[in-house]
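Beneath this line is the structure, given in structure tokens, with notes to follow.
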Amino acid sequence: MENKIKKMPKHVAIIMDGNGRWALKQGLARLEGHRVGVNRSEEIIDCAQEMGIKYLTLYAFSMENWKRPNEEVDTLMMLLKGFLDAKEEKMRKNGICFETIGQISFLPKEVYETIVRVKKSTQGGEKMTLILALSYGSRDEILRAIKQTVLEVKNGKIAHEAIDETFFANCLDTKGIPDPDLVIRTSGEHRISNFLLWQLAYAELFFTDCFWPDFTENHFKNAIEEYQLRERRYGLTSKQIEGTHQK
Ligand code: IPE
Ligand code: IPE
Ligand code: MG
């Protein structure tokens, strides 16, 4: 008898790409694309939460994005602060715990302080953890983790033979957060762009041509449905996986 329960991903991560091209396509400035993109993020956060997803990571600003024109960087920072100020209360009410990964100390002081405040006021939210990747680069994160590991060996806190995947994962910004089950990238690009290189080892990847400002709740639900059709084998055979289903 067919008895497969449709499994909800516990952690979905999204590379929200295509704001600039979306805007240019309709004769608008790139910055307008970012503005509409923020509204989309809110819609997807609400949808993920309603669907019972426990962790949602949104790639909002990469380490490499600092090299964009100043005006664009400033607008992105302003939009980020505006989003957090406007949604803090809603997040608190909805039981959303706000977290970040990346080097937030690089952000402008007022943005940094807003982040710290919202993290504090939403702490303990149990419905869903919303993680924004800000000033985030995966190689940078891995290097910082290596430096921390070396230091702990040097200080005698751990023997080098005892370093294992769990120890190392706990040195990353994502400490305590399960690895993403599903990664969605919008805008037709088929790359990872320095996002969660360690954590995506066994994630399912979903690419769509849709630009982020056009990505609706329905697109999100489609991505989840596609995920539910996939068989995650983790190096095993299908038969072995079926065996584990029956247990
Ligand atoms: C994603 O959209 C938002 C950020 C990277 C901050 P882009 O700004 O990269 O838009 P495209 O890829 O240039 O269209
Ligand atoms: C990735 O998008 C980063 C974010 C979505 C924040 P980019 O637009 O920066 O990536 P590339 O440059 O196309 O790889
Ligand atoms: Mg882009």
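The values are calculated or read from the model by the stated rules, or taken from the named source; none is laboratory data. Because the structure is a prediction, the values reported are computed rather than measured. Note that each Cβ is placed from the backbone with ideal geometry, even for glycine, and that neighbours are counted across all protein chains shown. Surface accessibility is based on the protein's heavy atoms, side chains included, excluding ligands, DNA and RNA. Shrake-Rupley method; radii C 1.70, N 1.55, O 1.52, S 1.80 Å.
Conditions tested, residue by residue: (1) away from ligand 3 (no atom under 16 Å from the Cβ); (2) on the phi < 0 side of the Ramachandran plot; (3) part of a helix (DSSP H, G or I); (4) at pLDDT 95 or above.
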position: Ile14; (1), (2), (3), (4): no, yes, no, yes
position: Thr57; (1), (2), (3), (4): yes, yes, no, yes
position: Ala60; (1), (2), (3), (4): no, yes, no, yes
position: Glu72; (1), (2), (3), (4): no, yes, yes, yes
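List the number of the failed condition for Val183; all other conditions in (1) in a loop (DSSP other than H, G, I, E, B); (2) within 16 Å of ligand 3 (Cβ to nearest atom); (3) in contact (Cβ under 8 Å) with a residue 60 or more places away in the chain; (4) not hydroxyl-bearing (Ser, Thr, Tyr) hold. The number of the failed condition is (1). Of the residues making up region 17-55, those that are within 12 Å of ligand 3 (Cβ to nearest atom) and either among the acidic types (Asp, Glu) or in contact with a helix residue (DSSP H, G or I) (Cβ under 6 Å, 6 or more places away or on another chain) (or both) are Asp17, Gly18, Asn19, Gly20, Trp22, Ala23, Arg30, Gly33, His34, Gly37.
Report yes if some residue within region 53-65 is open to solvent by 60 Å² or more (accessible area, probe 1.4 Å), within 13 Å of ligand 1 (Cβ to nearest atom) and farther than 30 Å from Glu225 by Cα; otherwise report no. Yes, region 53-65 has at least one match.
Might you check whether a residue that is surrounded by fewer than 21 Cβ atoms within 10 Å (Cβ to Cβ), part of a loop (DSSP other than H, G, I, E, B) and touching a residue at least 12 places away in the same chain (Cβ under 8 Å) occurs anywhere in region 110-118? No, the conditions are met nowhere in region 110-118.
The residue that is nearest to ligand 1 (Cβ to nearest atom), among those in region 15-31 that are more than 21 Å from the chain's Cα centre (by Cα), among the charged types (D, E, K, R) and within 28 Å of Ser138 (Cα to Cα), is Arg21.
Quick grid of which residues meet (1) away from ligand 1 (no atom under 16 Å from the Cβ); (2) in a loop (DSSP other than H, G, I, E, B); (3) in contact (Cβ under 8 Å) with a residue 60 or more places away in the chain:
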{"residue": "Gly176", "(1), (2), (3)": "yes, yes, no"}
{"residue": "Phe195", "(1), (2), (3)": "no, yes, yes"}
{"residue": "Leu205", "(1), (2), (3)": "yes, no, no"}
{"residue": "Glu225", "(1), (2), (3)": "yes, no, no"}
{"residue": "Arg232", "(1), (2), (3)": "yes, yes, no"}
{"residue": "Gly235", "(1), (2), (3)": "yes, yes, no"}
{"residue": "Gly243", "(1), (2), (3)": "yes, no, no"}
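Pairs are defined by a Cβ separation below 8 Å, a sequence spacing of at least 6 or placement on different chains, a first member in region 20-44 that is farther than 15 Å from Cys210 by Cβ, and a second member that is assigned to a helix (DSSP H, G or I) and more than 11 Å from ligand 1 (Cβ to nearest atom); the pairs so defined are Leu31/Glu71; Val38/Gly82; Val38/Phe83; Glu42/Phe83; Glu42/Lys87. Residues that are in contact with a Phe, Trp or Tyr (Cβ under 7 Å, 6 or more places away or on another chain) and within 16 Å of Lys120 (Cα to Cα) within region 68-104 comprise Met91, Ile101, Ile104, listed in sequence order. Going residue by residue through region 196-216, is there one that turns out to be among the charged types (D, E, K, R) and more than 23 Å from Ser138 (Cβ to Cβ)? Yes: one or more hits. Which of the residues that make up region 166-220 are of a type in the set (D, E, K, R) and open to solvent by 30 Å² or more (accessible area, probe 1.4 Å)? Correct list: Asp173, Lys175, Asp179, Glu189, Arg191, Glu204, Asp209, Asp214, Glu217. If I filter region 120-154 down to residues being aliphatic (A, V, I, L, M) and not in a helix (DSSP H, G or I), which single residue comes out as surrounded by the most Cβ atoms within 10 Å (Cβ to Cβ)? Result: Ala133. Among the residues here, Leu28 does not qualify as assigned to a helix (DSSP H, G or I), open to solvent by 50 Å² or more (accessible area, probe 1.4 Å) and either at pLDDT 95 or above or within 16 Å of ligand 2 (Cβ to nearest atom) (or both).
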